[in-house]
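Comments concern the structure below.
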Amino acid sequence: MRIKQHPILDFEPKRPILFRYNNQEVIGYEGDTIAAALHAAGIKVLSFSMVEKRPRGFYCAIGNCGSCHMTVNGVPNVKTCLTMLEEGMEVVSMETKVK
Amino acid sequence: MRTTELLIIGGGPAGLMAAKTALEAGAQVTLIDRNNRLGGQLIKQTHKFFGSEKQYAKTRGLTIAEKLITDLEDYHDRLKICLNTTALGLYRDRVVTTVCNDTYDKIHPQAIIVATGAFEKCLAFENNDLPGIYGAGAVQTLMNLYGVLPGKEIVMVGSGNIGLIVSYQLIQAGVRVKAVLEAAPVIGGYKVHASKLRRLGVPILTSTTVQKAIGSLEIEKIVTVKLDSNWQAIEGSEAEIYVDALCVAVGLSPMHQLLSMADIQMCYVSELGGLVPHVSEDYETSLDSVFVAGDVTGVEEASSAIVEGAIAGLMAAKKMNHLHPEADRILCEYRTQLDNLRSGPCGCKIRNGLGKLKENQHVG
């Protein structure tokens, strides 16, 4: 869900960016972080905790809490709330401990 | 190892203002920030600031950030800005280790200003880790920076200024705020913000908190509970509210980690948000030539962070024999401004906290 109208801010349409989340195609927009793009597409669950497999979403959105970590282009533990979205990114939710 | 005269860690309101006064005094400055842009948390503040015109009152936070950044443009020959750069460590010999895009580096400056800000606290309740539960700052980032809504129906926990302001911003973005919960018997923030919400029909429930969140993969509803005068849950007072997001605005805690790592003298002061450094009048810590400014010295408003930054910038420059042409006059002015910002009933908590910190310093 994106903001359509806002009394103070302008959100002009931007260039769409195609990426993959758990092998499914998702469209984000230029200027999005990975987490913002997923969120706008209705995806709030970013990973599962290692032991109890509890669903995880982001809490702070500024790189402090570590709750938004995902595997991006094969690299685990990427802070998706800070990492800018790029064309063709492979984003996978983490479920097991990675070294 | 890289060298610089003054290294400033953090490009929020405190760090930006510190850079400005240090540059004015003639210092050579390196400013590092882990984000891809400067401005810290100001860039998502769409509301107009209170206070005196000297701290940009009546101006929106994002506009203040733009001004502070533009002010630095005149000094590009003596200023180096490193974005996407995280400070990893601060050592007692004043070496700072950094990482930028997987490249590790060391900087050995003559003086340092740590302006790392603060992070959002969470609240202990059942299922507080469900997706859809966010800090108030996260909601602001999502909405005001990326234009993405956190949900359709939301409850805010905490009626301090942040809780009230972000509730209003949620409504501006088209989200339905079903209630604001406040564990204390009275509303924490300014009455003007609370009234704005009440006029829009948002109930502010005092002596009420969230007991648990319920949902399988994401938050679906919350259970609220009333609290008695001893902050204990009143049995039978539980109520359910359906939400697809919950926003937690229960305060911030200083980002003290770099300071603690260098074994700088710290003190836990709950009124200031957590662990804070002992500082001199010049904002110098117990470690020679390491200064601090902004929320890392104790959580306050951005206005105070700007003034503290100005003082720390001047004093760090002075330490390296760069005297600002009008140092005495503006220093006096900034100190008065800080006193004014902390005056009145709203500054009571900060004054108490700073008092405790000082008391402890004499003993310790």
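The values are calculated or read from the model by the stated rules, or taken from the named source; none is laboratory data. Predicted model only: the values in this text are computed from it and were never measured. Quick reminder, even Gly has a Cβ in these numbers, built from the backbone with ideal geometry, and neighbours come from all protein chains shown.
Applying the set (1) closer than 22 Å to B:Val139 by Cβ; (2) out of contact with any Phe, Trp or Tyr (no Cβ under 8 Å at 6 or more places or on another chain); (3) of a type in the set (Val, Ile, Thr) to B:Ile234 leaves exactly one unmet item: (1). Taking segment A:7-63 as the range and being part of a loop (DSSP other than H, G, I, E, B) and among the polar types (S, T, N, Q) as the test, the residues that pass are A:Asn22, A:Asn23, A:Ser49.
Criterion applied to B:Ile113, B:Ile133, B:Ile64 was being more than 17 Å from the chain's Cα centre (by Cα) and buried (at least 17 other Cβ atoms within 10 Å of the Cβ), and the one residue passing it is B:Ile133. Scoring B:Ile43 on the criteria (1) within 14 Å of chain A (Cβ to nearest Cβ); (2) over 28 Å from B:Arg342 (Cα atoms) leaves a single failure, condition (2). The strands (runs of 3 or more DSSP E) falling completely within segment B:239-323 that include 1 or more residues that are in contact with a helix residue (DSSP H, G or I) (Cβ under 9 Å, 6 or more places away or on another chain) and not basic (Lys, Arg) map to B:245-248, B:252-254, B:266-269, B:274-277, B:290-292. The single residue among B:Asp328, B:Asp263 that is assigned by TED's automatic domain parsing to the domain that holds B:Arg60, more than 18 Å from the chain's Cα centre (by Cα), on the phi > 0 side of the Ramachandran plot and not hydrophobic (A, V, I, L, M, F, W, C) turns out to be B:Asp263.
For residues in segment B:94-142 being touching a strand residue (DSSP E or B) at 6+ places or on another chain (Cβ under 6 Å), away from chain A (no Cβ under 13 Å) and of a type in the set (Val, Ile, Thr), which is nearest to B:Asn84 (Cα to Cα)? Ranking the candidates gives B:Thr98 first. Taken as a whole, segment A:42-51 holds no residue that is within 7 Å of another protein chain (Cβ to nearest Cβ), more than 13 Å from the chain's Cα centre (by Cα) and buried (at least 16 other Cβ atoms within 10 Å of the Cβ).
Give the residue that is surrounded by the most Cβ atoms within 10 Å (Cβ to Cβ), with candidates limited to residues of segment B:184-238 that are under 26 Å from the mean Cα position of the chain (by Cα) and basic (Lys, Arg). Among them, the one singled out is B:Lys196.
The set of residues in segment A:64-99 that are in a loop (DSSP other than H, G, I, E, B), within 14 Å of chain B (Cβ to nearest Cβ), in contact (Cβ under 8 Å) with a residue 24 or more places away in the chain and not aliphatic (A, V, I, L, M) comprises A:Cys68, A:Thr80, A:Cys81, A:Thr83, A:Glu86, A:Ser93, A:Glu95.
Looking at segment B:167-175, can you tell me whether even one residue there is closer than 30 Å to B:Ala18 by Cα, hydrophobic (A, V, I, L, M, F, W, C) and buried (at least 22 other Cβ atoms within 10 Å of the Cβ)? Looking for residues that are closer than 30 Å to B:Ala18 by Cα, hydrophobic (A, V, I, L, M, F, W, C) and buried (at least 22 other Cβ atoms within 10 Å of the Cβ), one finds none in segment B:167-175, hence no.
Taken over segment B:234-280, residues that are over 19 Å from B:Gly355 (Cα atoms), touching a residue at least 60 places away in the same chain (Cβ under 8 Å) and of a type in the set (Gly, Ala, Ser) amount to 4.
Going residue by residue through segment B:143-156, is there one that turns out to be within 9 Å of chain A (Cβ to nearest Cβ), touching a residue at least 40 places away in the same chain (Cβ under 8 Å) and more than 16 Å from A:Ile62 (Cβ to Cβ)? Checking segment B:143-156: at least one residue is within 9 Å of chain A (Cβ to nearest Cβ), touching a residue at least 40 places away in the same chain (Cβ under 8 Å) and more than 16 Å from A:Ile62 (Cβ to Cβ). Of all residues in segment B:279-299, none satisfies being at pLDDT below 95, crowded, with 20+ Cβ neighbours inside 10 Å and of a type in the set (Asp, Glu). Looking only at segment B:341-353, filter to residues that are touching a Lys or Arg at 6+ places or on another chain (Cβ under 9 Å) and not hydrophobic (A, V, I, L, M, F, W, C); which one of those is nearest to B:Asn161 (Cα to Cα)? Among residues in segment B:341-353 that are touching a Lys or Arg at 6+ places or on another chain (Cβ under 9 Å) and not hydrophobic (A, V, I, L, M, F, W, C), the one nearest to B:Asn161 (Cα to Cα) is B:Arg342.
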